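As structure tokens, the structure follows; a few thoughts come after it.
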Amino acid sequence: MNRGDGIQRLRVAALILGVASALLFTAWGGGHAIAGAKTILILGTDISDTNSLDPQRQFVYSAPITEHAVYETLVTMTPGNYKDVKPLLATRWETVDNGGALVFHLRPNVKFVTGNPLTADDVKFTFERLKYLKDDASALAENIARVDVIDPLTVKVTLDDKTQPLLPFLIAPNFGIVDSKVVREQGGLSTPDADKNDKATTYLDQRSVGTGPYTLARWSRSTEIELVRNPNYWRQPGAFERVLIRHIPDSATQVLQLKRGDIDAALNLTFDQLNALGGTPAISIVKGQSLDFMYIAFTSSPALSPPLSNKLARQALMYAIDYDGIIKGLIGGDAIRPASFIPVGLGGSTTDLTREFGYRQDLEKARALLSQAGYPNGFSFDLSYGSGADVGGVSYEVVAQKVQADLARVKIQANLKPMEQGNLRTAFRKGDLAATITFWNPDAMDPSLWADPTVQRVAKRVRWEPDPSIVSLVKQANGEPNTQKRDGLYVQFQKLLSDQANLCVLFQPMYSHAIRDSITGYQLTAAGWQADLYDVKPR
Amino acid sequence: MSRNYVLARVGVTLVMALAATLVVFLVAHFIPVDPVQAQLGDLASSKPEIVARYRAHWGLDKPLWEQYLIFLQRLSRGDLGQSIATRRSVLDDIKQYAPATFELATLAILLAFSVGVPLGVLAAIKRDSWLDHLARGTSLVGVAAPTFWLAFIALALFYGGLEIAPSPGRLDAGAAPPPQVTGLYLIDSLAAGDLRTFGNALGHLLLPSIVLAATTTGVITRTTRASMLDTLGQDYIRTARAKGVRERAVLLRHALRNALIPIFTLGGVAYAQLLSGAVMTETIFAFPGMGRYAFQSAVVLDFPAISGMTLVVGLTYLIVNLVVDLSYAAIDPRVVRR
């Protein structure tokens with residue numbers, strides 16, 4: 001064999017490799033696209049944060065869409081209406097003991113997926129387990145003093161603090177009722193030692209024991225969650241035999257899969273990607289108003305920033321920001337803005353109020369306030385934000401740059417300080433930052449969950465000691481049973497908070513998912529579970 | 001290569017892997033991030049009882065030295081502790097994520113060697129020919145193209161545009177994985193006699209492994225070419241040819257065999273890197289592997305997971321280097337005599 005033969009063999013080897021690759025592609029390449037099939041619903045989303053499907057433990061962003069499909073709560077809320085609590089597993093309820101307790105009447109003839117009937121014992125077990133696990137979600141049940149079974153279909157929940165509401169909390173998937181018989185068999189506990197001795201989570205991570213339209217068949221971490229139809233469901237059965245929640249961490253990959261028809265809905269697309277999908281045949285964008293917002297927290301601490309400790313200087317900052325420019329320019333108008341720290345849609349907060357007493361860009365007023373504050377030539381401060389993260393499809397970084405440019409127009413220099421998210425959260429929660437762009441999203445649907453923190457834990461983060469009159473105003477609003485009066489008190493509170501100028505809400509984004517026309521009934525909710533899969537039907 | 005040498009190598013690297021966990025442990029604790037604040041929700045983080053239980057549950061209320069001692073004690077029992085973020089055993093996490101990465105990296109390194117070595121040899125033999133230019137050009141692209149870009153372009157072209165590649169992920173949507181034995185879908189599906197799932201898994205592996213192999217292929221091609229050029233210029237090659245040794249034997253037995261040592265060294269390091277650092281490829285191709293697991297653990301300061309992964313990556317380098325060292329003996333008998 002000569003030199004040429006050796007080369008020839010190498011060429012042949014390369015050719016064989018190429019042909020083999022091509023064969024592999026053609027043999028298996030097409031895959032088996034099943035999205036669009038009328039029996040299977042496939043969602044593409046990032047589920048990397050899902051670390052448990054135990055309803056009393058999970059407390060991350062991506063898990064509730066699954067939990068809401070497999071567990072049901074006593075009460076719920078419909079998309080867009082976050083004031084009215086609607087019946088679900090409870091058909092009615094009444095307040096007793098001068099507002100110190102609520103009595104719930106359970107829907108009869110409801111069965112768990114396990115075949116066991118729903119009873120008041122299950123409600124008692126669920127609520128007490130949530131409370132005593134002392135896990136992340138347990139804070140939601142902190143106000144529950146005790147749960148008493150009146151009869152098999154009646155349960156009484158007594159509160160620790162009757163001035164604090166309970167009903168809006170009960171819509172959270174963490175209050176999803178579990179079959180207590182099965183959970184006990186699997187080592188679940190509802191006693192005060194549950195935090196140490198409860199063993200049911202391993203089971204609940206692979207099997208659901210709820211009353212929802214679907215049931216958990218399989219969860220492969222960071223890969224796929226598979227739900228199947230619950231044969232015992234008390235309403236019309238779920239429209240799909242199976243629901244697959246596919247883990248697709250990259251949003252650009254979600255777009256490709258949606259276009260190919262391999263998924264029916266893409267849940268984590270950016271503003272630019274959603275825009276680019278506009279007009280694509282067979283794909284539409286579903287929007288829903290969120291109750292989240294991006295905001296800037298300015299400190300009151302002279303040690304962290306002497307200028308920011310001056311209320312007039314903070315007000316000047318808030319008059320210098322171009323809110324409309326952020327909403328229209330950075331997120332294509334897909335957002336609104338509340339007047340202060342209660343989102344539009346709750347607690348009497350409306351966009352009319354924003355126009356009435358919210359801040360808007362007024363550079364002359366900003367300059368005048370700066371002069372009054374003793375900073376006619378402006379000042380500088382550090383503006384921190386999380387790097388590599390976004391809200392409503394726009395990154396903190398882009399918003400920070402826009403705010404920096406706006407403030408420069410009144411000679412205020414914002415020094416941008418990108419920080420790793422964990423680092424930022426630690427420093428912010430300790431109250432160590434002069435100004436922070438961050439994000440607020442709700443744990444449940446009551447305005448008290450926004451108002452309370454502003455005079456408590458968030459106040460500490462901005463080193464503000466609220467006047468006792470504001471604190472008592474918040475407490476009074478939280479406990480006010482009359483909705484109209486309550487809303488009025490929250491509006492009064494928002495005016496005071498707005499004047500204080502520690503918290504500058506930049507925008508309240510819309511949620512946007514892209515879906516294929518193979519499905520219908522897909523609605524977004526701000527209540528915490530993104531979409532109710534029971535409402536989704538094949539077209 | 002004596003048995004003592006092998007044992008000493010294993011021992012030293014194990015100690016180094018342990019030392020690396022200590023360094024990672026200390027560094028992780030000295031950065032200004034509180035893992036409780038990084039993990040707990042806003043409301044729960046303001047409840048002292050929940051915070052205290054959380055710290056106690058994860059051992060974060062203990063002094064640093066004690067936390068590390070507990071880690072070592074557990075390690076001696078083969079237990080890497082429990083991940084704070086995923087809330088289950090780190091070993092279980094690694095058992096789940098390692099096979100995906102192992103399959104991906106192994107196919108990638110096989111592809112890189114299968115393409116890189118012949119291409120490098122051809123380029124060296126046909127120096128300055130169109131083939132050489134082509135090999136150098138393509139290897140340059142492979143080395144220079146950022147993986148995330150290459151991954152997305154490949155996916156957009158073959159999956160989105162030409163529609164000949166399967167969807168991202170390890171299997172088609174809804175396809176059940178084969179019964180778990182090793183966690184390697186290719187092996188497990190064959191063991192179960194399930195050729196459909198084998199084909200499904202192989203199809204899903206192909207594109208991400210080509211993307212992952214691109215950089216390594218480029219490096220191997222260039223190194224092979226340089227190493228072969230160096231070897232082909234040696235006196236003993238000229239002597240061999242002068243003695244009338246067949247060209248195939250000159251190229252394969254005399255030249256390539258001698259040129260292989262740096263290529264194997266490089267390949268070993270590249271393989272270990274592929275096993276521990278395929279984050280972007282895993283993200284874009286929705287491949288649940290160790291790269292993403294390590295990345296996410298670091299982001300949320302999941303100490304047990306970070307320490308466990310450090311140990312695993314350390315051991316990976318140990319094993320790969322050991323195999324590479326042992327392969328020297330097979331390639332070059334002089335290594336054994338030394």
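The values are calculated or read from the model by the stated rules, or taken from the named source; none is laboratory data. Computed from a predicted structure; not experimentally measured. In this analysis, Cβ positions are derived from the backbone assuming ideal geometry, glycine residues included, and neighbour counts consider all displayed protein chains. For accessibility, only protein heavy atoms count, side chains too; no ligands or nucleic acids. Shrake-Rupley method; radii C 1.70, N 1.55, O 1.52, S 1.80 Å.
Numbers below:
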quantity: Placed amide H near A:Lys111: partners under 5 Å, 5+ positions off or other chain; calculated: A:Leu118, A:Trp234
quantity: For A:Gly386, distant residues with modelled amide H under 5 Å away; calculated: A:Met419
quantity: Chain A - charge dipole about Cα centre, Lys and Arg +1 at Cβ, Asp and Glu -1, debye rounded to 20; calculated: 760 debye
quantity: Region A:115-132 and region A:182-226: distance between their alpha carbon centers, rounded to Å; calculated: 13 Å
quantity: Pair B:Glu66, B:Thr265: separation of 7 Å Cα→Cβ label points (nm); calculated: 4.8 nm
quantity: Top positive-direction residue, dipole computed over region A:293-510 with Cβ charges, set A:Leu424, A:Tyr396, A:Thr299; calculated: A:Thr299
quantity: Nearest-0.05 FRET efficiency for A:Gln236 and B:Ile319, computed from C-beta distance (R0 51 Å); calculated: 0.35
quantity: Selected from A:Leu102, A:Val113, A:Phe127, residue furthest toward positive end of dipole (region A:96-144; charges at beta carbon); calculated: A:Val113
quantity: Amide H contacts of A:Ala335 (H built 1.01 Å from N, under 5 Å, at least 5 apart or other chain); calculated: A:Met510
quantity: Protein heavy-atom accessible area occluded, B/A pair - total, 1.4 Å probe, Å²; calculated: 5800 Å²
quantity: Region A:293-510 - share of DSSP beta bridges that are antiparallel (%, nearest 5); calculated: 60 percent
quantity: Dipole moment magnitude, nearest 20 debye, region A:293-510 about Cα centre, only Lys, Arg, Asp, Glu C-beta charged; calculated: 420 debye
quantity: Local electrostatic count at A:Ile321 - Lys and Arg +1, Asp and Glu -1, tallied over other residues with Cβ under 15 Å; calculated: +4
quantity: Region A:375-389 and region B:219-253: distance between their alpha carbon centers, rounded to Å; calculated: 63 Å
quantity: Whole-Hz couplings from phi, Karplus 6.51/-1.76/1.60, listed for region A:115-128; x for Gly and Pro; calculated: x, 6, x, 6, 9, 4, 4, 5, 5, 4, 4, 4, 5, 6
quantity: Rounded to 10°, Cα long-axis angle of helix B:290-299 versus longest principal axis of chain B; calculated: 40 degrees
quantity: In order through region B:127-135: 3J(HN,Hα) via Karplus (6.51 cos²θ - 1.76 cosθ + 1.60), integer Hz, x for Gly, Pro; calculated: 3, 6, 7, 4, 5, 5, 4, 4, 4
quantity: Whole-Hz ³J(HN,Hα) from phi, Karplus 6.51 cos²θ - 1.76 cosθ + 1.60, for region A:152-169, glycine and proline x; calculated: x, 10, 9, 9, 10, 10, 9, 9, 6, 10, 6, 7, 9, x, 10, 3, x, 6
quantity: Positive dipole terminus of the protein assembly as shown, leading residue within B:Ala272, A:Leu140, A:Gly261 (C-beta point charges); calculated: B:Ala272
quantity: With Cα atoms, 0 to 90° folded angle of helix B:3-30 axis to chain B main axis; calculated: 40 degrees
quantity: Sites matching trypsin sites (Lys or Arg not before Pro) across region A:107-191 that sit in DSSP coil, with at most 14 neighbouring C-beta atoms within 10 Å; calculated: none
quantity: Low-density loop cleavage sites - trypsin sites (Lys or Arg not before Pro) in region A:198-245, where at most 12 other Cβ are within 10 Å (DSSP); calculated: A:Lys199, A:Arg235
quantity: Taking chain A and dividing mean pair separation by its residue count, relative contact order in percent (alpha carbons under 8 Å, at least six apart); calculated: 19 percent
quantity: Degrees, to the nearest 10: B:195-232 long Cα axis against longest axis of chain B; calculated: 50 degrees
quantity: Solvent-accessible heavy-atom area per residue, rounded to whole Å², over chain A at 1.4 Å; calculated: 37 Å²
quantity: Whichever lysines have a C-alpha closer than 25 Å to that of A:Lys259, once near sequence neighbours (fewer than 8 apart) are set aside; calculated: A:Lys38, A:Lys287, A:Lys537
quantity: 20 Å Cα-Cα reach of A:Lys417 towards lysines, excluding residues that sit fewer than 8 places from it in its own chain; calculated: A:Lys402, A:Lys430
quantity: Extension reserve of the A:Thr191-A:Asp49 stretch, reckoned as 0.36 nm per residue once the Cα distance is removed; calculated: 48.3 nm
quantity: Filtered chymotrypsin sites (Phe, Trp or Tyr not before Pro), region B:87-147: DSSP coil and at most 12 other beta carbons within 10 Å; calculated: none
quantity: Chain A, helix-only ellipticity at 222 nm - DSSP H runs n ≥ 4, -39,500 (n - 2.57), divided by all residues, nearest 500; calculated: -9500 deg cm²/dmol
